[in-house]
1. Filter segment 29-44 down to residues that are in contact with a helix residue (DSSP H, G or I) (Cβ under 8 Å, 6 or more places away or on another chain) and either open to solvent by less than 40 Å² (accessible area, probe 1.4 Å) or part of a loop (DSSP other than H, G, I, E, B) (or both) and give me whichever is farthest from THR116 (Cα to Cα).
2. Residues in segment 118-141: is at least one of a type in the set (Lys, Arg) and over 25 Å from ARG40 (Cβ atoms)?
3. So THR87 passes all but one of these: (1) assigned to a helix (DSSP H, G or I); (2) surrounded by 19 or more Cβ atoms within 10 Å (Cβ to Cβ). Which condition number does it fail?
4. Among the residues of segment 51-62 satisfying the criterion of being at negative phi and over 16 Å from the mean Cα position of the chain (by Cα), which is surrounded by the most Cβ atoms within 10 Å (Cβ to Cβ)?
5. When you look at LEU11, is it under 28 Å from ARG167 (Cα atoms), buried (at least 18 other Cβ atoms within 10 Å of the Cβ) and touching a residue at least 12 places away in the same chain (Cβ under 8 Å), yes or no?
6. Just to be sure before I move on: is SER48 open to solvent by 20 Å² or more (accessible area, probe 1.4 Å), among the small types (Gly, Ala, Ser) and modelled with pLDDT of 95 or more in the structure I sent?
7. So how many residues does segment 114-139 have that are touching a helix residue (DSSP H, G or I) at 6+ places or on another chain (Cβ under 9 Å), open to solvent by 40 Å² or more (accessible area, probe 1.4 Å), not in a loop (DSSP other than H, G, I, E, B) and not polar (S, T, N, Q)?
8. Being under 19 Å from ALA159 (Cα atoms) and hydrophobic (A, V, I, L, M, F, W, C) is the requirement here; does VAL27 meet it?
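The values are calculated or read from the model by the stated rules, or taken from the named source; none is laboratory data. Keep in mind the model is a prediction, meaning the values are calculated, not measured. Cβ: placed from backbone, ideal geometry, glycine included. Neighbour counts: every protein chain shown. All accessible areas refer to the heavy atoms of the entire protein, side chains included, with ligands and DNA or RNA removed. Shrake-Rupley method; radii C 1.70, N 1.55, O 1.52, S 1.80 Å.
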Amino acid sequence: MSSEPIRLHPLLAGRYSPRAFDPAGTVDDKTLDVLLEAARWAPSAGNSQPWSFYPARPGEVEHKRLLRYLAPSSARWAPDAGLLIVTLARRFVDDSDLPYSEFADYDLGQAVAHLTVQAQALGLACHQFRAFDRDAVTADLAPNPGWAVLSMIAVGRAADTATARTRHEIAHLRAAPWG
């Protein structure tokens, strides 16, 4: 094992999930398209691309539609983001129990990771969260059968700074299932 320090790419090393967003930090159409393009190019099992996104920006009807479902913890900071995105995974073929992709959630995670790194490259920050009424969002958005709402992402200009972050050691990542 090398004693040389591990160097992460600055986009990865500088990434954090802000708990405050600049309400003036809007996300324009071009930027939204670039973020979705980054997600579009994520790898997926069998190139199934089992993901979809429902974007909503402040001032849009869709944004107001989502705000009412935020939990109190996320309602304190998420509305100020320049963009909220509902993430969806296509798990099943239509109304059946036949998997569209058994890796749908994993593949959606890949797409969100690509979107997150692209946002970081554009000077934006992302905070992924699950603090919302998922059943109510699903009922309101009424995605086609086989699709599942998984999370939301707040995207915008961070209005706070990163605090000390902790992560498991590499040894834990290698040994956790067997420790």
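1. This residue is SER44.
2. Residues of segment 118-141 of a type in the set (Lys, Arg): 130, 134.
Those still in the list that are over 25 Å from ARG40 (Cβ atoms) too: none.
No: zero hits.
3. Tallying (1) assigned to a helix (DSSP H, G or I); (2) surrounded by 19 or more Cβ atoms within 10 Å (Cβ to Cβ), THR87 fails exactly one: (1).
4. First, the residues of segment 51-62 that are at negative phi: 51-58, 60-62.
Retained after the next criterion (residues that are over 16 Å from the mean Cα position of the chain (by Cα)): 58, 60-62.
Values: PRO58: 19, GLU60: 13, VAL61: 7, GLU62: 15.
Per the stated criteria, the residue is PRO58.
5. Here the answer is no, as LEU11 does not meet what is asked.
6. Working: open to solvent by 20 Å² or more (accessible area, probe 1.4 Å): yes; among the small types (Gly, Ala, Ser): yes; modelled with pLDDT of 95 or more: no.
Judged against the criteria, SER48 is not a match.
7. Final tally of qualifying residues: 3.
8. Working: under 19 Å from ALA159 (Cα atoms): yes; hydrophobic (A, V, I, L, M, F, W, C): yes.
When the stated conditions are applied, VAL27 passes them.
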